[in-house]
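Before we start, here is the structure in question, set down as structure tokens.
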Amino acid sequence: MLLAAGAARAQTINVEAVTRYWQITDGLRQNQPLTDQMWRDFLEIPGNKIYVRGIYSAANLVNYRRAIDVVYMPRYDSLLQAKLKAKVWYYVLVNDYKVREPEYRRYVASLTQGAAALDQMYQYAYPQLPPAARTKVAKLNIYYEALGNDATSQEEGIFYSLRAVLDANEVKPGLLEGHELYHRLQPSRDFGTIAPDDLGLLEIMDSMQHEGIADQIDKPLTMALAGDPRGIRDWALTPAPVFIHCMDSTLQSRARGGAAATGRWYRQLSNGSNGHLPGFFMSSAIVRNGFGKQMIAQFDNPFAFVFLYQKAAKKDKSQLPRFSEESLRYLKTLERKYDKHRPASGAASRS
């Protein structure tokens, strides 16, 4: 179902996955089971298929489906109460979609005013981009899901869970949408053919910069809520010094001829955050110490992001972790290796 379409901008808002979810759950409320075929068809809806592929494993989806059955079918009420009391995550999440459904329905209805919603996304994204990059995304497809608690930017479009959007809207409407739209506007530098031993490092550096800058759109305002209810400090800031120290040790070892760290190792070190850890910590230090304009001006150069963080860490009064001179020399050597002054490529997948 397309709620809004702008012919001039070739932009659409698609809520087919949401409306199908409500059709399914209306049946479950009548104790009509969710069949295997219904579930498969549901996951094949484009808004769901692309959204879940990078977030949920097959085992996760089995557990998620079971939670949907239990939450919505009255005959499972006693089991549901036990799961909620035990704070089993999928049951808590699905129950939120059930309890807040009127709120979610109102929000979906509001998306008929698509032009205003799209304009708001751009307004949040643009301040973190240099003027030349403040363009419009061609053929932008925006999808909303009644699954999960996340958002992701992919080549096929931007995918938002209603829960993540409405939670972000409690801070300021449009924040999460602006964050994800930013990823479609921020290109990744084309380093050409990357040596296998360098790939993991360049991937995590690219993610650190992309997510670090995008996080400046929404995370500071969200953290300003009393008590940091989203837990951003514990999730993205507190663990960051450990990441930086470990990355520095790995770079030093590599500079001395040691084995390269893999992309999987860096993802584990980042707690699966896709670069939010330590990207937000680093971008916050850069902004706080007066280098925000330089960060935005070099928004497609992950090496510059690390070097700016180092300048900020030296200036900061709170004794932030720094990279060693040996690591920085290695990174500068690597930058020269791949700096072919190629034009930036299209935006990569982000969350």
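The values are calculated or read from the model by the stated rules, or taken from the named source; none is laboratory data. Predicted model, so just to flag it, every value in this text is computed and none were measured. Using ideal geometry, Cβ is built from the backbone for each residue, glycine included, and neighbour counts are taken over all protein chains shown. These accessible areas exclude ligands, DNA and RNA; they are computed on the full protein's heavy atoms, side chains included. Shrake-Rupley method; radii C 1.70, N 1.55, O 1.52, S 1.80 Å.
Counting every Cα pair in region 131-181, what percent are over 18 Å apart?
32 percent
What does the charge dipole of region 50-183 about its Cα centre add up to, to the nearest 20 debye, if the Cβ of each Lys and Arg holds +1 and the Cβ of each Asp and Glu holds -1?
For this selection, approximately 320 debye.
Of all GluC sites (Glu not before Pro) in region 101-160, which ones are in loop regions per DSSP and have a Cβ with at most 12 other Cβ atoms within 10 Å?
Filter output for region 101-160: Glu155.
Another one. Based on Cα coordinates alone, diagonalise the gyration tensor for region 195-351, multiply each eigenvalue by 5, take square roots, and list the semi-axes in whole Å, largest first.
Over the Cα atoms of region 195-351, the semi-axes work out to 24, 17, 16 Å.
In a Debye calculation with equal point scatterers on the alpha-carbon sites of the chain and no solvent, what is log10 I(q)/I(0) at q = 0.07, 0.10, 0.11 Å⁻¹?
With no solvent term, the Cα-only Debye profile gives -0.33, -0.67, -0.79.
Just to be sure I understand: if I project the alpha-carbon convex hull of region 160-208 onto a plane and average over all orientations, what area do I get in nm²?
Hull-based average projected area comes out at 4.5 nm².
If you build the convex hull over the alpha carbons only and average its shadow over all orientations, what do you get for region 63-126? Give it in nm² to one decimal.
If I average the Cα hull's projected area over directions, I get 6.1 nm².
If you don't mind, there's one more thing I want to ask. Taking the Cα atoms of region 237-301 alone, what are Rg (to one decimal) and Dmax (as a whole number) in Å?
13.4, 36
With charges set only on the Cβ (+1 for Lys and Arg, -1 for Asp and Glu), what does the dipole of the chain come to about its Cα centre, in debye to the nearest 20?
560 debye
Work out Dmax and Rg for region 55-188 from the C-alpha atoms and quote the Rg first, both in angstrom.
17.3, 58
Take the solvent-accessible surface of the protein heavy atoms, probe 1.4 Å, and return the percent of it on region 127-238 that carbon and sulfur atoms account for.
52 percent
Then there is this: How big is the Rg/Rh ratio for region 208-265, C-alpha atoms only, Rh by Kirkwood, two decimals?
1.13
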